[in-house]
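The values are calculated or read from the model by the stated rules, or taken from the named source; none is laboratory data. Just so we're clear, the structure is a prediction, and the values are computed from it rather than from any experiment. Backbone-built Cβ (ideal geometry, glycine too); neighbour counts: all protein chains shown.
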């Protein structure tokens with residue numbers, strides 16, 4: 001473990017901006033959000049949980065999969081430029097673990113999502129341990145905790161006015177190579193665990209509850225908006241469509257876009273003939289929880305929830321995923 | 001004050017369910033973390049779950065139409081399901097809009113009207129007096145209609161100055177105003193919580209999600225977000241009751257009411273109409289009269 005002052009950390013970050021895009025928490029009106037910053041001074045170190053997870057830096061809200069231009073008989077197709085490195089600074093342990101979930105779902109089993117995989121590859125994660133658990137946080141129920149360094153490259157812990165720095169991976173080591181922060185022999189402060197640990201049932205127990213009336217009762221208040229799925233660090237559903245962006249005589253420009261989509265929307269599962277296997281809110285809400293706690297662990301060996309609590313905070317109707325885990 | 005409302009709601013709801021006058025009551029309860037949230041009560045034994053305080057900012061009328069439809073699917077042929085809804089004055093005005101638009105019949109809803117003391121700010125507990133901005137300027141204490149009224153109409157002092165916000169944005173030079181809205185819409189996540197929480201947004205397929213023709217790209221970029229919000233505000237012209245459920249629902253706290261209030265003021269100036277304020281007056285944009293003239 002090494003120790004650094006706040007000022008020295010900022011100076012180090014400013015040198016890194018020259019080599020990569022620095023993404024860090026910022027205050028935007030009432031929200032904390034991960035945003036690219038042009039100077040380390042712009043980082044909101046006092047942030048708690050950002051309103052939206054940083055998954056968008058790996059799986060953007062909107063991305064161009066293919067750029068297609070036709071001039072006369074000539075067709076030119078181009079892929080997005082994914083070359084630059086990015087540094088995700090002050091990622092929370094839950095959000096970093098969410099990337100392991102996305103790896104399992106999107107990369108580990110072929111065919112890999114190459115867009116996600118390339119962004120993941122070129123990104124270094126610098127974690128910042130949570131000084132405490134906030135309202136809705138339940139990471140300790142998902143086998144993690146506010147100081148879990150298992151999914152980052154480099155981990156920072158608050159230490160008085162400065163930080164303790166723990167190197168976790170080679171990528172992390174490369175980041176601090178040549179930095180003159182002294183080695184210290186003291187452990188990172190232990191954040192207080194304030195959330196009760198809730199047990200997560202195995203997939204077969206969820207399947208046994210598939211027909212329970214509780215899903216109907218729970219869905220009474222669900223408004224079928226997309227808030228829970230869009231703030232979630234592991235929700236990864238998307239839609240793909242071709243946008244005609246420009247056209248003229250002998251000229252057509254089309255972008256094949258991929259954008260976030262949500263299983264909470266009635267239209268999400270609408271198919272040819274107007275049929276819908278999940279026409280009711282209850283079926284859609286149940287599916288969201290089953291996706292996380294039944295289907296993903298069963299099919300991809302990963303519970304698709306990290307206990308960040310964002311869906312609880314974002315839900316305009318008070319749907320509470322911990323209440324669901326408790327068996328309502 | 002709120003305790004009296006809460007007690008009144010429980011007594012009334014218990015009776016309604018005991019007598020079988022309604023099959024479901026839509027009210028508020030405390031969630032597991034103590035926050036108030038919408039509650040659906042089907043059994044009089046559960047009436048005790050219902051609460052009411054100044055954080056009950058959901059417009060529960062948003063649930064009424066679908067709840068009646070769901071109950072109708074399981075009901076005896078020929079019988080009409082009836083639900084009760086706990087509603088503040090602004091909520092009742094939005095219910096009135098739905099009735100005029102043929103979405104809900106007056107007979108299918110039992111209105112437990114709340115004599116409203118005004119709500120606390122949902123997103124900003126440090127707001128002045130803790131009172132939500134729209135409630136601080138609201139003079140409406142009693143709903144325009146109800147089947148039961150709970151609470152005593154409180155005396156609330158309304159400030160003499162105009163409600164701030166819209167005028168300030170209107171005073172901005174165009175470039176500054178564009179920058180303001182671009183910055184606001186930039187953090188919109190296109191989750192549609194505003195639309196879903198709004199009683200007046202009941203389109204089967206929203207224009208923003210229409211596939212054929214695809215009016216709006218699936219991209220989550222500022223132009224699509226801005227288009228959605230401006231389009232929604234226009235579609236709420238003469239229909240928005242100003243309940244601010246949209247703002248309360250927004251996970252990124254967009255100042256959506258600036259748009260709605262601007263258009264509500266235009267409608268009032270043009271037609272002398274306030275959404276749902278009169279049980280007998282239909283919404284102006286859904287009406288055409290022989291003697292109608294454009295007030296230019």
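Can you say whether residue A:240 is at pLDDT 95 or above, farther than 26 Å from residue A:142 by Cβ, surrounded by fewer than 20 Cβ atoms within 10 Å (Cβ to Cβ) and within 13 Å of chain B (Cβ to nearest Cβ), as far as the supplied structure shows? So residue A:240 fits the description; yes. Scan (1) within 14 Å of another protein chain (Cβ to nearest Cβ); (2) assigned to a strand (DSSP E or B); (3) in contact with a helix residue (DSSP H, G or I) (Cβ under 8 Å, 6 or more places away or on another chain) for the single condition residue A:22 breaks and write down its number. Only one criterion in (1) within 14 Å of another protein chain (Cβ to nearest Cβ); (2) assigned to a strand (DSSP E or B); (3) in contact with a helix residue (DSSP H, G or I) (Cβ under 8 Å, 6 or more places away or on another chain) is unmet by residue A:22, namely (1).
Answer with yes or no whether residue A:47 is at pLDDT 95 or above, under 29 Å from residue A:227 (Cα atoms) and in contact with a helix residue (DSSP H, G or I) (Cβ under 6 Å, 6 or more places away or on another chain). Walk me through it before giving the result.
Values: at pLDDT 95 or above: yes; under 29 Å from residue A:227 (Cα atoms): yes; in contact with a helix residue (DSSP H, G or I) (Cβ under 6 Å, 6 or more places away or on another chain): no.
No: the conditions fail for residue A:47.
For region B:48-67, taking the residues that are touching a strand residue (DSSP E or B) at 6+ places or on another chain (Cβ under 9 Å) and away from every other protein chain (no Cβ under 13 Å), the one that is nearest to residue B:244 (Cα to Cα) is identified as B:54.
Which helices (runs of 4 or more DSSP H) does region B:84-191 wholly contain that include 2 or more residues that are without any contact (Cβ under 8 Å) to a residue 40 or more places away in the chain and surrounded by fewer than 18 Cβ atoms within 10 Å (Cβ to Cβ)?
On the way: elements: B:89-100, B:133-136, B:166-171, B:174-186.
Because the criterion is at least 2 residues that are without any contact (Cβ under 8 Å) to a residue 40 or more places away in the chain and surrounded by fewer than 18 Cβ atoms within 10 Å (Cβ to Cβ), the helices (runs of 4 or more DSSP H) in region B:84-191 that meet it are B:166-171, B:174-186.
Can you pull out the residues in region B:42-64 that are over 17 Å from residue B:5 (Cα atoms) and either in contact (Cβ under 8 Å) with a residue 12 or more places away in the chain or surrounded by 19 or more Cβ atoms within 10 Å (Cβ to Cβ) (or both)? Residues satisfying the conditions are B:42, B:43, B:44, B:61, B:62, B:63, B:64. For the subset of region B:233-257 comprising residues that are part of a helix (DSSP H, G or I) and touching a helix residue (DSSP H, G or I) at 6+ places or on another chain (Cβ under 6 Å), which member is farthest from the other protein chains (Cβ to nearest Cβ)? Checked region B:233-257; the qualifying residue farthest from the other protein chains (Cβ to nearest Cβ) is B:233. Flag: residue A:313 does not match the condition of being within 8 Å of chain B (Cβ to nearest Cβ), touching a residue at least 40 places away in the same chain (Cβ under 8 Å) and in contact with a strand residue (DSSP E or B) (Cβ under 6 Å, 6 or more places away or on another chain).
Run down A:233, A:249 and say which single residue is away from every other protein chain (no Cβ under 13 Å) and surrounded by 13 or more Cβ atoms within 10 Å (Cβ to Cβ).
Numbers: A:249 fails: surrounded by 13 or more Cβ atoms within 10 Å (Cβ to Cβ).
Just one listed residue meets the conditions, A:233.
With respect to residue A:267, is the statement that it is within 14 Å of chain B (Cβ to nearest Cβ), in contact (Cβ under 8 Å) with a residue 40 or more places away in the chain and not in a loop (DSSP other than H, G, I, E, B) true? When the stated conditions are applied, residue A:267 does not pass them.
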